[in-house]
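For reference, the structure discussed in these notes is given below.
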Amino acid sequence: MRAIVQNTYGGPEVLTETELALPEPGVGEVRVRIAAAGVNPTDWKHRDGTIPYDHGLPVTPGWDVSGTVDKVGPGVTIFDEGDEVFGMLPYPYQPGGYAAYATGPARAFAAKPESIDFTQAAALPLASLTAWQALNDTARLTRGQHVLIQGGAGGVGHLAVQIARHLGAEVTATASAADADFVRSLGAAHVVDYRTTTISDVLTDADAALVPFTGQTRLDSLRSVRRGGVLVSLLGANDEALTLASERGVRYRSMMVQSDHAGMQAIADMAAAGALHAKIHSTLPLSQATEAHRLGEDGKIDGKLVLIP
Ligand SMILES: NC(=O)c1ccc[n+]([C@@H]2O[C@H](COP(=O)([O-])OP(=O)(O)OC[C@H]3O[C@@H](n4cnc5c(N)ncnc54)[C@H](OP(=O)(O)O)[C@@H]3O)[C@@H](O)[C@H]2O)c1
């Protein structure tokens, strides 16, 4: 099968197209004929070695896939050959989405809603699961609570705004002025321009905050959460942040996204109901994975990149 492989850590050019043997699904696994593979910032952080791959190199990158179940392994009862599915391969230890086929645990997937296409389905899993696990499972956001979403126009942020609204929360999101209308259209009640305003000057009593940034932004976010509230960090912790959280009585949770059948099902239900939609920047052929990484890393694109094998 066709696949993108990297044999060394480095720039986008280390991604090379090659032929690999068709993988066989193990116990509890399915093999998916991939229709589309989503690209996420963690893909290039792994590619260049900022985050080394758990099982080393060579590796086929990518965690987000949509496609059709092509073979089921022993013990799989929830899918059959021919089912259309989408999901996130086990993060971080089992990538392999930049390929014509991938194998993964059946329960990493959910049935793809008929109302969304494969490109949309491949753009959703990792970023939506992150937002879902942060807001629903970790912050346990409930109706009427107020949540701060940092980076409300970003890959995780724009889905988090929609998920928070779905959970019935009031949303304050940060975004640059150019993205304010977009973030409002997703359901944010208040949009704060992070380039001109310090969030803690205008918000001090949020019940929860979702923060995909480090440094001053994370510290300011902690000052925006009420005593007893919770901050979910997507980029770990440091002593300064933990000390401030402790002084302010804010619970600090450092989260790493995980494969999650229940979470994928919730995402499928929201997408089917029209409550969750990923903004797509563009699709590229799998052979242009290098170009996709260049575009993504450049930081100038708006929305998700999706590779088509
Ligand atoms: N722990 C986990 O499980 C997990 C899961 C997913 C992602 N992540 C991490 O979370 C981060 C975000 O991922 P992503 O896919 O959302 O990235 P992204 O799409 O690149 O998000 C960047 C967005 O954030 C905005 N932004 C930049 N600096 C900001 C600031 N100081 N305050 C508010 N907004 C700001 C940008 O706005 P402009 O366009 O105006 O610059 C852009 O809209 C990445 O580092 C990723 O690796 C972690």
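The values are calculated or read from the model by the stated rules, or taken from the named source; none is laboratory data. Every value quoted in this text rests on a predicted model; they were computed, and no experiment measured them. Because the Cβ atoms are built from the backbone with ideal geometry, glycine has one as well, and the counts that use them run over all protein chains shown. Accessible surface areas use protein heavy atoms only, side chains included; no ligands, DNA or RNA. Shrake-Rupley method; radii C 1.70, N 1.55, O 1.52, S 1.80 Å.
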Set V250, V191, V225: member being out of contact with any Leu (no Cβ under 6 Å at 6 or more places or on another chain), buried (at least 17 other Cβ atoms within 10 Å of the Cβ) and β-branched (V, I, T): V191
Confirm whether R226 is over 20 Å from L124 (Cα atoms) and either within 16 Å of the ligand (Cβ to nearest atom) or of a type in the set (D, E, K, R) (or both). yes
Considering each of D207, D220 in turn, give the residue that is more than 30 Å from R33 (Cα to Cα), among the acidic types (D, E), touching a strand residue (DSSP E or B) at 6+ places or on another chain (Cβ under 9 Å) and open to solvent by less than 60 Å² (accessible area, probe 1.4 Å). D207
Given (1) more than 22 Å from the chain's Cα centre (by Cα); (2) at negative phi, where does T60 come up short, assuming only one miss? (1)
How many residues, within segment 133-147, are buried (at least 24 other Cβ atoms within 10 Å of the Cβ) and out of contact with any helix residue (DSSP H, G or I) (no Cβ under 6 Å at 6 or more places or on another chain)? 2
Between V14, V85, V39, which is at negative phi, touching a residue at least 40 places away in the same chain (Cβ under 8 Å), among the aliphatic types (A, V, I, L, M) and more than 16 Å from the ligand (Cβ to nearest atom)? V85
Filter segment 117-129 down to residues that are within 14 Å of the ligand (Cβ to nearest atom) and open to solvent by 10 Å² or more (accessible area, probe 1.4 Å), then give me how many there are. 1
What pairs come up if the first residue lies in segment 290-304 and is assigned by TED's automatic domain parsing to the domain that holds P61, the second is open to solvent by 30 Å² or more (accessible area, probe 1.4 Å) and away from the ligand (no atom under 13 Å from the Cβ), and their beta carbons are under 7 Å apart, counting only those six or more places apart or on different chains? T290/E13
